[in-house]
Every structure is written in C-alpha cells, then in structure tokens.
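Notes for the one structure printed next.
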Amino acid sequence: MFDNIHFQVVNINTPINNRNFEYKFPYYFGDSFYNKSLNNLSFFMKSSFLIEGIAKVCFPHHITIFAKESLFYIQNFCLLNVGKNYFTKREKLDSFLILYTYDGHGYLEYGGKSFCLSKGDGFIIDCQQPHFYRTDGDNWVHADLHFSGAFSQKIFDEISANGNVTFSQSNISFFASQLENLIKLYEDISQFREFQISNQLENLLMTLLLNSSFSEETANSAPENIKYLVKYIENNYTKPLTLDFLSKFSNISKYHLIRLFNKYLGYPPHEYIIQLQIQNAKVLLETTSLPANKIGTTVGIQNENYFNRLFKSRVGIPPGNYRNEYLKTK
C-alpha cells in the first residue's frame, strides 16, 4: 500500500491536540492552509481533536494560482493508524475531505446523520459544515485526502444530493487503487503534474458520483425495470447496446427511458455506458500489457480511432500516453 511514496513518518506517543498541535506537528498542513485568509494556529484553536498513534504525512507541495482558480488540487494527504481516543471535530474549513478506511472502525456525524465505517468504507464531506469523526473501537487505519478546486462545491453537491456522504469499496472495486495512483502523481515531478493530478482527482470524484447516483437510497426509489436494466448494462457494457435495444429490452419508450436515466442516474443511457467503458479502459491500461487497440475492443469500442478520440476527450490524453504516465509513477 502506497509503495515508493516518501512519507514523513511520525510516531505520536504523546497525544496531540488543538493546544499543542503547532509545536509538535507543524508541517501537517501545506501552504494552502498556511495563508493570510486562514491562520493555521487560530483554526486549530477553534477546532477540537486528538491524535495518538502513527501518522504518515506527504510533504506539502506549492499550489499555483492557476491550479487554485482552474483545476482540482490536493491540499494535503496523510495515512493515520490511530487508537481508541482519536477524534476530530471542526467546521468552517475551506476544504473537502475524502476519508477511506483500511482497517478498524470509525464513526462520522455530518449533516444531522451518523454513519459507521468499516474496512473498505469511506466518506466525502464539505469541511465548511460542522462534522465530527472518531475511532469506533480500539483502532482505526484510514487515509485523509483534503482537496479543493474550482468545481469542487458543484461536484460535492451532486455526490451528496441524496443525503448520503459515505461509500464502500464493495460497490467501487477500484477506489483504493485510484487513490494510490493519485498520490503517486502528487509525489511525482512532471511538467504537467498539476494537470495530471487534477485529471486523476476528477476521475476519483466521478467514481464517487457514479456510485452515489445509484446508491441504495436512490436505487430503492427507482422502478424495478430501471434497476434491472442498470445491472444488465453494468454486466454487458462491452456489447453494442443501442438505445433501440435497451428500449425494447426494458419495454420502455426511448424518450421515457432517457428521462428515467437522467432522473435516477444523472446521465442518459449512452453516457452511462461510455463512463463504464472509459473507467474500465483505464483500469486495463494500468494493470495489463494489452495494446490500446485491444483494450478498446475489450471494453466494447471496436473502432480504434474512435476509442482513441473518445479516451482523449474524456481523460485529456491518448490511451498510450495515459499508460506511460501511469508507469512513470510506479
């Protein structure tokens, strides 16, 4: 997990809290938090937390004005292996947080609701809003990713629209690998590093968005024929699934089918299929040696030129370049 990442490892034997944090752990937050608009010490004095255990912290990187105004960007990242007394309670922080559980159990209070977290579970929250999370039991191993960006509020609002800010890797099989790839890019030195980070972070957020668009709460409110059709598409997206075919298969008119998909998933059927194809093409580029033209065919796109154009339009670079950039981070 996170091999070849150069963490600052800190063994916190004496508990750190909001009273002694600046003096014992001053490098936790990067320059995005150390600025004139948000005084680091005053923020932590207003928040309440306790950390005891092992912290692995990525060294903060400078964030350009362009990235802050135009891209998604990472504010900081850390891995925490903490005990039963760990907690964080705060609000009014200009940041969004993705937290992912690797082991143990955690507990979250947010938006008037409470959530229990186990291995493979995570959440995404707006840190401007009051929130509280803690270890639930004796130990909690989790990753904290703070991020922001020009469209962060909009995409967060879409992800959390149904009131559920949690997710599970049982529903997102490759979330952990996406997160690790993102941190490898964060640690990399590259001319286009900020663009690559923004692209990978956007992909991570799109994964959460697609998952939330058909969450259990939403799925329960969707008609049975739509739920069945979505599962069918997820198992057969490599086949030529035209709108005419899907309409006949589900016994729903084409136009009504588009309206239902937009209502319950946020995308028309064709766009949902493309999202599945691109996401799985990226996984194959990262984990296999299949040539790009074979990968296009494998995910259901038979025309090589069309696959290359489509992939570049959605990801920002051609498939071959994507694989090369990914391999550089390993």
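Per the listing 155, 98, the residue uniquely surrounded by 16 or more Cβ atoms within 10 Å (Cβ to Cβ), assigned to a strand (DSSP E or B) and within 20 Å of the chain's Cα centre (by Cα) is 98.
Strands (runs of 3 or more DSSP E) fully within segment 1-89 that include at least 3 residues being touching a Ser or Thr at 6+ places or on another chain (Cβ under 7 Å) and modelled with pLDDT of 55 or more: 72-83.
Taking segment 265-295 as the range and being without any contact (Cβ under 8 Å) to a residue 24 or more places away in the chain and over 19 Å from residue 327 (Cβ atoms) as the test, the residues that pass are 268, 271.
The residues of segment 293-318 that are aromatic (Phe, Trp, Tyr) and surrounded by 15 or more Cβ atoms within 10 Å (Cβ to Cβ), listed by number, are 307, 311.
Before we move on, is residue 156 outside the structural domain of residue 276 (by TED's automatic domain parsing) and either farther than 15 Å from residue 73 by Cα or of a type in the set (Val, Ile, Thr) (or both)?
Working: outside the structural domain of residue 276 (by TED's automatic domain parsing): yes; either farther than 15 Å from residue 73 by Cα or of a type in the set (Val, Ile, Thr) (or both): no.
Spelling it out, it is not the case that residue 156 is outside the structural domain of residue 276 (by TED's automatic domain parsing) and either farther than 15 Å from residue 73 by Cα or of a type in the set (Val, Ile, Thr) (or both).
In this structure, is residue 308 part of a helix (DSSP H, G or I) and at pLDDT 90 or above?
Values: part of a helix (DSSP H, G or I): yes; at pLDDT 90 or above: yes.
Spelling it out, residue 308 is indeed part of a helix (DSSP H, G or I) and at pLDDT 90 or above.
Look at (1) within 25 Å of residue 165 (Cα to Cα); (2) surrounded by 14 or more Cβ atoms within 10 Å (Cβ to Cβ); (3) touching a Ser or Thr at 6+ places or on another chain (Cβ under 8 Å) and you find that residue 284 fails only one, number (1).
Results for (1) at pLDDT 90 or above; (2) surrounded by 14 or more Cβ atoms within 10 Å (Cβ to Cβ), shown as yes or no for each residue.
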site	(1), (2)
215	no, yes
229	yes, yes
233	yes, yes
239	yes, no
251	yes, no
264	no, yes
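Of all residues assigned to segment 97-117, at least one qualifies as being assigned by TED's automatic domain parsing to the domain that holds residue 168, touching a residue at least 60 places away in the same chain (Cβ under 8 Å) and touching a Gly at 6+ places or on another chain (Cβ under 6 Å).
Can you name the residue in segment 233-282 that is assigned to a helix (DSSP H, G or I) and of a type in the set (Gly, Ala, Ser) and, of all such residues, is farthest from residue 315 (Cα to Cα)? Restricting to residues being assigned to a helix (DSSP H, G or I) and of a type in the set (Gly, Ala, Ser), the top hit is 250.
The values are calculated or read from the model by the stated rules, or taken from the named source; none is laboratory data. Bear in mind that the values here come from a model prediction, so they are computed numbers and not experimental data. Positions of Cβ are backbone-derived with ideal geometry, glycine not excepted, and every protein chain shown enters the neighbour counts.
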